[in-house]
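In what follows, a structure is listed as structure tokens, so that the remarks can point back to it.
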Amino acid sequence: MQSDSYKKEQTNYHIETISKAEAYASALTYFNKMVGMDRDNEKSKRMMEQALLVHEVLKTQVELKAIILSSQSFILHEDSLTMNHVAFVCPEFRKFSNDTIHTVYLYLLTGGNIKIPSDWPMLDQFYADIWGTSYIDAALDILKKKIIDYLGVEERKNMRSQGLADYYLTDSIGPGFYGMELSQIKDFFTLVDGNQIGLSCHESGMMIPQKSCVGMFLLTNQKKYFLEADCDNCLANHKNCSYCHKYVKESKTNE
């Protein structure tokens, strides 16, 4: 992973280029889980052979890039986190306080201009779409692991002096997850210039290239504030969760 950083209004920005080779193994794992090819049978093997042929064509278009804004200038109040007058609303923010969050890492991530030929068989188009999503998920994992590297020696000393000898990075919080509205996608582009990595956002909130995502990580000093993965403890509004949609629909059907 190569990085470039620059200063703007006392805020740190980092541009990251993630190699496809570094992301491939994780992308393959995600792909297998999404399409159910982790089964050891002949049908799965035949399907995987075709999926790998699609990957050989698609991988030439994959270009994983991210731009990260790291900031300690924010205001957290109830379910709202405000940075440079831009407010991000998420129910999960209620689990934190200004004292428990040290740094906010806001990011834009793109997989490049992936074009799927419309004349491909439907199954191949499906494979290509899942490959694109899998590479984004893999790149996001790598991004999370690398963020800690941004903490320089002096910053680590400052954190220890503030009683932050132990620090943890949350999972990504972003539009469509943990109750943050999809309409907030545009707000991320207000703070970060996506054009620097070839990423733009329409007024509707649709990102171009489409295989892209936005979100933020929170660096916290208390592990107990980590986000819960299970639904029982999730504070999100079910209107933003595809799983909830399915669950609510099934519940009503069974009534």
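Quick rundown of the values:
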quantity: Any hit, the range 118-128, residues being assigned to a helix (DSSP H, G or I) and acidic (Asp, Glu); calculated: yes
quantity: From the options 140, 123, residue that is surrounded by fewer than 20 Cβ atoms within 10 Å (Cβ to Cβ), among the aliphatic types (A, V, I, L, M) and on the phi < 0 side of the Ramachandran plot; calculated: 123
quantity: Helices (runs of 4 or more DSSP H) contained in the range 141-255 and holding at least 2 residues modelled with pLDDT of 95 or more and closer than 26 Å to residue 108 by Cβ; calculated: 185-191
quantity: Among residues of the range 29-71, those that are within 21 Å of residue 209 (Cα to Cα), hydrophobic (A, V, I, L, M, F, W, C) and crowded, with 19+ Cβ neighbours inside 10 Å, counted; calculated: 9
quantity: Any hit, the range 100-107, residues being without any contact (Cβ under 8 Å) to a residue 24 or more places away in the chain and not charged (D, E, K, R); calculated: no
quantity: Any chance residue 75 is hydrophobic (A, V, I, L, M, F, W, C), farther than 22 Å from residue 137 by Cα and surrounded by fewer than 19 Cβ atoms within 10 Å (Cβ to Cβ); calculated: yes
quantity: Residue satisfying all of: in the range 98-119; within 20 Å of residue 12 (Cα to Cα) and within 18 Å of the chain's Cα centre (by Cα); surrounded by the fewest Cβ atoms within 10 Å (Cβ to Cβ) among these; calculated: 104
quantity: Top-ranked residue of the range 174-207 - restricted to ones that are within 18 Å of residue 68 (Cα to Cα) and without any contact (Cβ under 8 Å) to a residue 24 or more places away in the chain, ranked as farthest from the chain's Cα centre (by Cα); calculated: 195
quantity: Any strands (runs of 3 or more DSSP E) falling wholly within the range 15-96 and containing at least 1 residues that are under 19 Å from the mean Cα position of the chain (by Cα); calculated: 64-71, 80-83, 86-89
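The values are calculated or read from the model by the stated rules, or taken from the named source; none is laboratory data. Please read these numbers as outputs of a predicted model, since none were measured by experiment. All Cβ positions, glycine included, derive from the backbone under ideal geometry; neighbour counts span all protein chains shown.
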